[in-house]
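Worksheet for the structure shown next.
The values are calculated or read from the model by the stated rules, or taken from the named source; none is laboratory data. Note that the structure is a prediction, hence the values are computed from the model and not measured. Here the Cβ positions follow ideal geometry from the backbone for every residue, glycine too, while neighbour counts run over all protein chains shown.
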């Protein structure tokens, strides 16, 4: 996927809580941790979940700071919609990435932000359907 092409009416997407979604689409976080595996590999839209606790925010900020990254303030993080895209290239049980905590990790590449588009997220790898925009 690239920003110059228009989105088709159906693409794969995953929901990720902020600020992890911001870290992914800005090219910092190269792995997304899950409790379940996926066999899907390919382009995926990154959906920023509506929910974000301050505890989660501070955990992410502390880890990001330990690798030299400053994340935006909570009020500046978009939530409840598509914020970017990436490519899932693998699903692993171990990784040297500082972002990996497991048990499963979706290995990500070619991440980039996209203009915010409100959308209701779902569990798992789900189909983004253009006519179901929030």
| query | Going through the range 70-94 one residue at a time, which ones are under 24 Å from residue 13 (Cβ atoms), without any contact (Cβ under 8 Å) to a residue 60 or more places away in the chain and in contact with a helix residue (DSSP H, G or I) (Cβ under 8 Å, 6 or more places away or on another chain)? | reply | 71, 72, 74, 77
| remark: Of (1) more than 13 Å from residue 14 (Cα to Cα); (2) surrounded by fewer than 19 Cβ atoms within 10 Å (Cβ to Cβ); (3) in contact (Cβ under 8 Å) with a residue 60 or more places away in the chain, residue 49 fails just (1)
| request: Quick one: count up the residues across the range 93-134 that are under 17 Å from residue 31 (Cβ atoms) and loosely packed, with under 15 Cβ neighbours inside 10 Å. | output: 9
| request: Tell me which residues, restricted to the range 52-80, are surrounded by 13 or more Cβ atoms within 10 Å (Cβ to Cβ), modelled with pLDDT of 95 or more and outside any helix (DSSP H, G or I). | output: 69, 71, 72, 77, 78, 79, 80
| query | Mind checking which residues of the range 95-117 are in a strand (DSSP E or B) and touching a helix residue (DSSP H, G or I) at 6+ places or on another chain (Cβ under 9 Å)? | reply | 108, 111, 112, 113, 114
